[in-house]
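The values are calculated or read from the model by the stated rules, or taken from the named source; none is laboratory data. Computed from a predicted model, the values in this text were never measured in an experiment. Every residue, glycine as well, gets a Cβ built from its backbone with ideal geometry; the counts of neighbours run over all protein chains shown.
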Amino acid sequence: MIFNLFKFKSKKPKSAVPKAKEPLLEAMENYKNSPMTGFHIPGHNRGEGVHPRFKNLIGADVLKLDTTDEFDNLGTLHPSTGAIKEAQEIAANVYGAKRTYFITTGSTTANLALAFGVTNPNEEILIGRNCHRSVLTGLIMTGAKVNWVIPKKLNDWAIFGNIDPDDIEHKLKTNRNIKLVWITNPTYEGVVSDIKKISEICKKYKASLIVDEAHGSLWKFNSKLPKSALEYGADAVVHSLHKTGGAMTQASMLHLAKNSRFDEEKITHALKLFHTTSPSLLLLTSLDAQRSYLNSSDGAKKLNSAIENALYFRKEAKNIKNLSVLDGDIDCTIDITKIFIKMKGLTGLELEHILEYDYNIEIESASDEGLLILSNIGNAKDEFEHLINSLKEISKKIEENQYIYKSKNNKIMPLVDPDIVMNLKEAYFAPKELVKKEEAIGRISSEVIALCPPGISILLPGEIIKQEHMPYLFDYDKLEVIKE
Ligand SMILES: Cc1ncc(COP(=O)(O)O)c(C=O)c1O
């Protein structure tokens, strides 16, 4: 009896078992069928203690598999052991990385860990202004000194575009203290920067490069999509597999490149500090499964059809009056699966509303200017036909003056160049006060204002609040400013 208990509770993987192609998936299949009596967390004990209605809603099997690391030869995440370690190693191999970390708390955690793992107080770093707010949270904590590189402004679309490599070169040339460049690629709306050139410039000035590729986790798997920064010599790359890669929500990966200049131990340590100590095995398994699927012929077919559907949409959209689609130009390419559109006569938010309520179509996000559609691996051609037909009908109704909307509420990102007067960390921790929004003009912001999606900052601690920010802050009555 005692022998059996030890056998079942061993944290060590069985050594003689040949390596599986999907180690975590396999380990979880075994776990599901194992005849175990559990006296541990999670207390619902494979779903037995759960509200029946909830169980019915999500399915009993999901609850059976809702467990954390440590049990039944599943391995542990920190430190990585067993099936979890094996799954991470295979993912690293597929993505062409030296090391891949699985994360169950989103790319936010990857960015926090990178900030802690590679930046120091007062160290100068160069960041794309369209970075996700998690990057800034990390830098507020470490106290690194932020220099901005402002991406091209696509004013007609009210979004940021690509980062000009020459701007990076200029910053690195004029401030030789900058030894780290951290940029986002692609943008949320699919605009792609020239990472090859940026990476070469970074090498020339001996600066490391992090690319937040949260929205590019599929690129590795189809040559019609842009190349991942891992192939262009970035030191670390972040992938939100849960965004477009088909993994479950919050499941992400952080990759260290083969020739990464970063200290692996420091990053491993930082991840341990920031990551939950109860990683969901369901999410970890979803990363293992999805990596395998995307790398299989079935997965390739799905991705290919996402690309075909995007091309179909782009072609059909050309024939719809009033409709424009954001495309690449001579400066930059675009991830064609991300389709940013606008319809003359309606704001993006109005179009979103009409699509949702009149046509049962949900899109990714909308602003006053336009809206974002994703051609995903889970979409079918007939769904795109429905979308195209709906847009045709809406366009016709615009022509017939059937819509009387046009009520802009200014949900447009102000692409304002920041006036920085204080260090991010100092400003965040300085004494502050709340003032009426209108009275805040000219004062120093002490809060991060970044609406989600896409989580890009409009104002940061240490920056002057300007009149141009006001229209976007329609949701705010008061703003937090540094006390005078
Ligand atoms: C570029 C970018 N990086 C990081 C994140 C954070 O990702 P997550 O939501 O997985 O924490 C996001 C989220 O939208 C993002 O757009």
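Quick look at the values:
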{"read-out": "Test result for SER252, touching an Asp or Glu at 6+ places or on another chain (Cβ under 9 Å) and either charged (D, E, K, R) or closer than 28 Å to VAL62 by Cα (or both)", "value": "no"}
{"read-out": "Flag if MET413 is in a loop (DSSP other than H, G, I, E, B), among the aliphatic types (A, V, I, L, M) and either in the same structural domain as GLY348 (by TED's automatic domain parsing) or at pLDDT below 90 (or both)", "value": "yes"}
{"read-out": "Answer from ASN130, ASN122 - the residue that is farther than 16 Å from ARG291 by Cα, over 13 Å from the mean Cα position of the chain (by Cα), among the polar types (S, T, N, Q) and outside any helix (DSSP H, G or I)", "value": "ASN122"}
{"read-out": "Residue within the range 32-52 that is under 27 Å from the mean Cα position of the chain (by Cα) and not assigned by TED's automatic domain parsing to the domain that holds MET253 present", "value": "no"}
{"read-out": "Of all residues making up the range 120-161, the number that are of a type in the set (S, T, N, Q), surrounded by fewer than 24 Cβ atoms within 10 Å (Cβ to Cβ) and in contact with a strand residue (DSSP E or B) (Cβ under 6 Å, 6 or more places away or on another chain)", "value": "2"}
{"read-out": "Residue match in the range 449-462 (condition: free of Cβ contacts under 8 Å to residues at least 40 places away in the same chain, more than 16 Å from the ligand (Cβ to nearest atom) and part of a loop (DSSP other than H, G, I, E, B))", "value": "no"}
{"read-out": "Count of residues meeting criterion [of a type in the set (Gly, Ala, Ser) and within 16 Å of LEU415 (Cβ to Cβ)] in the range 443-484", "value": "3"}
{"read-out": "Qualifying residues in the range 94-111 (those that are assigned to a helix (DSSP H, G or I) and within 8 Å of the ligand (Cβ to nearest atom)) - the one surrounded by the most Cβ atoms within 10 Å (Cβ to Cβ)", "value": "ALA110"}
{"read-out": "In the range 188-234, the residues that are in a loop (DSSP other than H, G, I, E, B), free of Cβ contacts under 8 Å to residues at least 60 places away in the same chain and surrounded by 24 or more Cβ atoms within 10 Å (Cβ to Cβ)", "value": "GLU213, SER217, ALA234"}
{"read-out": "2 or more residues crowded, with 19+ Cβ neighbours inside 10 Å, more than 18 Å from the chain's Cα centre (by Cα) and in contact (Cβ under 8 Å) with a residue 24 or more places away in the chain: qualifying strands (runs of 3 or more DSSP E) within the range 239-355", "value": "338-343"}
{"read-out": "So THR249, is it within 16 Å of the ligand (Cβ to nearest atom), closer than 19 Å to ASN111 by Cα, modelled with pLDDT of 95 or more and touching a Phe, Trp or Tyr at 6+ places or on another chain (Cβ under 7 Å)", "value": "no"}
{"read-out": "Hits in the range 426-448 (condition: surrounded by 15 or more Cβ atoms within 10 Å (Cβ to Cβ), of a type outside the set (A, V, I, L, M, F, W, C) and in a loop (DSSP other than H, G, I, E, B))", "value": "ARG443, SER446, GLU447"}
{"read-out": "Residue match in the range 358-373 (condition: part of a helix (DSSP H, G or I) and under 27 Å from the mean Cα position of the chain (by Cα))", "value": "no"}
{"read-out": "Selection from the range 112-147 of residues that are within 10 Å of the ligand (Cβ to nearest atom) and among the aliphatic types (A, V, I, L, M)", "value": "LEU112, VAL135"}
{"read-out": "PHE54 vs. criteria modelled with pLDDT under 95 and out of contact with any Lys or Arg (no Cβ under 6 Å at 6 or more places or on another chain)", "value": "no"}
{"read-out": "Any hit, the range 274-282, residues being in contact with a strand residue (DSSP E or B) (Cβ under 9 Å, 6 or more places away or on another chain), away from the ligand (no atom under 14 Å from the Cβ), under 24 Å from ASN162 (Cβ atoms) and modelled with pLDDT of 95 or more", "value": "no"}
{"read-out": "Selection count, the range 213-224, where residues are away from the ligand (no atom under 16 Å from the Cβ) and either closer than 10 Å to ASN185 by Cα or more than 17 Å from the chain's Cα centre (by Cα) (or both)", "value": "4"}
